[in-house]
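Trainee: Here it is, the structure in full.
The values are calculated or read from the model by the stated rules, or taken from the named source; none is laboratory data. Being a predicted model, the structure only gives us computed values, none of them experimental. For neighbour counting, all protein chains shown are included, and Cβ atoms are generated from backbone atoms with ideal geometry for every residue, glycine included.
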Amino acid sequence: MNKRKESKIKVSLTNLGCPKNEVDGESMASLLCAKGYQMTEEKERADVLILNTCGFIDSAKEESIDEIFNLISMKNKDEKKKIIVSGCLAQRYPEELWKNIPEIDGLLGIGDIFEINKLCSSILEGKRLCLVSSPEKNNGRRTIKRKVQNRPYAYIKIADGCDNHCSYCAIPSIRGKFRSKRTEGILKEARQLVDYGVKEINLVAQDTTLYGTDIYGEKKLPQLLYLLSEIPKLRWIRLLYTHPAHFSDELIEQVASNPKVCKYVDLPLQHICDEILTQMNRRVKRRDVEQLIFKLRERIPGLTLRTSLIVGFPGEKKKHFEELVEFVEETRFDKLGAFPYSREEETPAYNFKSQPSSKLKHRRLDQLMLAQQKIVFEENKSKIGKTFTVLIEAKSKERNGYFLGRSQAEAPEVDGVILVKGNNLKIGEFVKVRIVDYCGYDLVAKVV
């Protein structure tokens, strides 16, 4: 192994993309540590550089490729370094990466993450190895201790893959069929995370609302939320990546009544015009969406509602876009993310007529986000003087004497934060704060 003892070998692992990818990265890090490798955040000191990539849309692919070449630049300065590329890009384009970027020493597919130690051993012996098989090789049901980051929140991937087959989405071809984890494995994982000091668990999947349908024959998310809430030291459970076509009354009741479940729903809608929703294969109509939103807000007091939207979908005419903007202005989502449509090969929408120009897509994106920005700033201003319970998660690097926190109304990494003034606050503690100001999408607060 290049005359180096395995226990001395340093590995850097960088995760790109979504929280689901992050969970895979933490699983790989745990396996590496158990084998005796030493994880480091300093790439310059690492013997093995692992890049866990995203390959979902154009911008994600570009970011992944750019980072691969950044690692190659480091390898050119130190030829002993080895490069492993894993994640969605490796799963989606293994032949292209292997053939066109010979500096890559190892490729690891989504279904092969439990082979990470085998891959490391091989490349350190001077071999070049590609381990990319079916994504469904990893059925999502193997539970291992994860090497989580030093922070009070974590993600649990309750399922992998997707059977919804939205016309614009490449996830089914990348990550395979929908595969739920067994409940007992999720509970074991959650208890381990809580033992590490995690106070907030965020549930993720391509469609969390379908959890359990493949292995139990029915939707089991409400029961899962209840069982998770029984874990004594777990304070918050947050539900992300729901689907408007699969929300049940039982799930709404569990979110509303369970004190540990955050009054926060992430409900990606993608569009609101019936014609576009049909072309997207979203399986809902505008009327269904509006009825669901009304029901959510009526039954869940204090609900924070987040959505994500796509602009510039093939065939989106001016009237369709104007309908979308009007809907956003009328609905007043608490949080909203929007993206320009990305034309992805191996998806039905790739061959749709009336593909919009990049200029048009970005112009519409700017217009939509300006409409949402006005709403957010108004809402933030209305929160001045109100009190919230906040989870302290880090010291602010930009403001001396301030800490970064979040209430139930802010999901980690995608929403704004609450800047809390204080000197003796501890990471992972819950404090009551009063909002005194806002700065763009972030709130400013003092401890009560």
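Trainee: So is GLY109 in contact (Cβ under 8 Å) with a residue 12 or more places away in the chain, at positive phi, small (Gly, Ala, Ser) and assigned by TED's automatic domain parsing to the domain that holds LEU31 or not? Spell out how you get there, then give the answer.
Mentor: Working: in contact (Cβ under 8 Å) with a residue 12 or more places away in the chain: yes; at positive phi: no; small (Gly, Ala, Ser): yes; assigned by TED's automatic domain parsing to the domain that holds LEU31: yes.
Against the criterion (in contact (Cβ under 8 Å) with a residue 12 or more places away in the chain, at positive phi, small (Gly, Ala, Ser) and assigned by TED's automatic domain parsing to the domain that holds LEU31), GLY109 does not qualify.
Trainee: Select from the stretch 310-342 the residues that are charged (D, E, K, R) and surrounded by fewer than 17 Cβ atoms within 10 Å (Cβ to Cβ) and write down the one among them that is nearest to GLN279 (Cα to Cα). Write out each step before concluding.
Mentor: Step one: of the stretch 310-342, the residues charged (D, E, K, R) are 316-319, 322-323, 326, 329-330, 332, 334-335.
With surrounded by fewer than 17 Cβ atoms within 10 Å (Cβ to Cβ) added as a condition, the list becomes 317-319, 322, 326, 329-330, 332.
Numbers: LYS317: 13, LYS318: 16, LYS319: 16, GLU322: 18, GLU326: 20, GLU329: 24, GLU330: 24, ARG332: 25 Å.
Step by step, filter the stretch 310-342, then rank; the result is LYS317.
Trainee: Can I ask one more? When you scan the stretch 221-244, how many residues do you find that are farther than 16 Å from ASP195 by Cβ and out of contact with any Ser or Thr (no Cβ under 8 Å at 6 or more places or on another chain)? Give the steps one after another, and end with the answer.
Mentor: Of the stretch 221-244, the ones farther than 16 Å from ASP195 by Cβ are 221-227, 229, 236-244.
After this cut, where a residue has to be out of contact with any Ser or Thr (no Cβ under 8 Å at 6 or more places or on another chain) as well, the list is 225-226, 229, 236, 238, 244.
Here the count works out to 6.
Trainee: Failed condition for ALA245, given (1) in contact with a helix residue (DSSP H, G or I) (Cβ under 6 Å, 6 or more places away or on another chain); (2) assigned to a loop (DSSP other than H, G, I, E, B); (3) of a type in the set (A, V, I, L, M, F, W, C), with all others met?
Mentor: With (1) in contact with a helix residue (DSSP H, G or I) (Cβ under 6 Å, 6 or more places away or on another chain); (2) assigned to a loop (DSSP other than H, G, I, E, B); (3) of a type in the set (A, V, I, L, M, F, W, C) applied to ALA245, the lone miss is (1).
Trainee: Restricting attention to helices (runs of 4 or more DSSP H) lying wholly within the stretch 1-97, give those where 3 or more residues are touching a strand residue (DSSP E or B) at 6+ places or on another chain (Cβ under 7 Å) and among the charged types (D, E, K, R). Break it down stepwise before answering.
Mentor: On the way: elements: 19-35, 58-77, 88-92.
Qualifying helices (runs of 4 or more DSSP H): 19-35.
Trainee: When you go through (1) touching a strand residue (DSSP E or B) at 6+ places or on another chain (Cβ under 6 Å); (2) surrounded by fewer than 17 Cβ atoms within 10 Å (Cβ to Cβ) one by one for ALA445, which number turns out not to apply?
Mentor: (2)
Trainee: Let me ask something additional. State the number of residues belonging to the stretch 10-42 that are of a type in the set (D, E, K, R) and over 24 Å from PRO412 (Cβ atoms).
Mentor: Within the stretch 10-42, the first condition is being of a type in the set (D, E, K, R), and the residues that meet it are 10, 20, 22, 24, 26, 35, 41-42.
So of that shortlist, the ones also over 24 Å from PRO412 (Cβ atoms) come out as 10, 35, 42.
Residues in the stretch 10-42 being of a type in the set (D, E, K, R) and over 24 Å from PRO412 (Cβ atoms): 3 in total.
Trainee: Quick one: in the stretch 21-38, of everything that is surrounded by 17 or more Cβ atoms within 10 Å (Cβ to Cβ) and hydrophobic (A, V, I, L, M, F, W, C), which residue is nearest to the chain's Cα centre (by Cα)?
Mentor: Per the stated criteria, the residue is VAL23.
Trainee: Turning to a different aspect of this structure: Yes or no: LEU234 in the same structural domain as LYS157 (by TED's automatic domain parsing) and either of a type in the set (Phe, Trp, Tyr) or closer than 24 Å to ARG406 by Cβ (or both)? Write out each step before concluding.
Mentor: Working: in the same structural domain as LYS157 (by TED's automatic domain parsing): yes; either of a type in the set (Phe, Trp, Tyr) or closer than 24 Å to ARG406 by Cβ (or both): yes.
Answer is yes for this residue.
Trainee: Take the residues in the stretch 166-182 that are of a type outside the set (D, E, K, R) and in a helix (DSSP H, G or I); name whichever of them is surrounded by the fewest Cβ atoms within 10 Å (Cβ to Cβ). Please lay out each step first, then the result.
Mentor: As a first pass, look at the stretch 166-182 and keep what is of a type outside the set (D, E, K, R): 166-174, 176, 178, 180.
If we keep only those that are in a helix (DSSP H, G or I) as well, we get 171-174.
Details: ILE171: 21, PRO172: 19, SER173: 16, ILE174: 23.
The qualifying residue surrounded by the fewest Cβ atoms within 10 Å (Cβ to Cβ) is SER173.
Trainee: Since GLY315 meets every condition but one in (1) out of contact with any helix residue (DSSP H, G or I) (no Cβ under 9 Å at 6 or more places or on another chain); (2) closer than 30 Å to CYS88 by Cα, which condition does it not meet?
Mentor: All conditions are met except number (1).
Trainee: Let me spell it out: the conditions are (1) more than 28 Å from GLY416 (Cβ to Cβ); (2) crowded, with 16+ Cβ neighbours inside 10 Å, and GLN291 meets all of them except one. Which number is the exception?
Mentor: GLN291 satisfies every listed condition except (2).
Trainee: In the stretch 86-127, which residues are closer than 20 Å to LYS35 by Cβ and among the hydrophobic types (A, V, I, L, M, F, W, C)?
Mentor: Correct list: LEU107, LEU108, ILE113, PHE114, ILE116, LEU119, CYS120, ILE123, LEU124.
Trainee: Follow-up question, since we're still on this one. In the stretch 98-117, how many are assigned to a helix (DSSP H, G or I) and surrounded by 24 or more Cβ atoms within 10 Å (Cβ to Cβ)?
Mentor: So the answer is 2.
Trainee: Also, I was wondering about something else. Is the stretch 193-201 home to any residue that is aromatic (Phe, Trp, Tyr) and either assigned to a helix (DSSP H, G or I) or modelled with pLDDT of 95 or more (or both)? Step through it out loud before you land on a result.
Mentor: Let us first name the residues in the stretch 193-201 that are aromatic (Phe, Trp, Tyr), namely 196.
Pick out the ones that are also either assigned to a helix (DSSP H, G or I) or modelled with pLDDT of 95 or more (or both) and you get none.
Among the residues of the stretch 193-201, not one is aromatic (Phe, Trp, Tyr) and either assigned to a helix (DSSP H, G or I) or modelled with pLDDT of 95 or more (or both), which makes the answer no.
Trainee: Of the residues ARG299, ARG282, only one is closer than 19 Å to THR209 by Cα, touching a strand residue (DSSP E or B) at 6+ places or on another chain (Cβ under 7 Å) and of a type outside the set (S, T, N, Q); which? It would help to see each step written out before you state the result.
Mentor: Details: ARG299 fails: touching a strand residue (DSSP E or B) at 6+ places or on another chain (Cβ under 7 Å).
Answer to the selection: ARG282.
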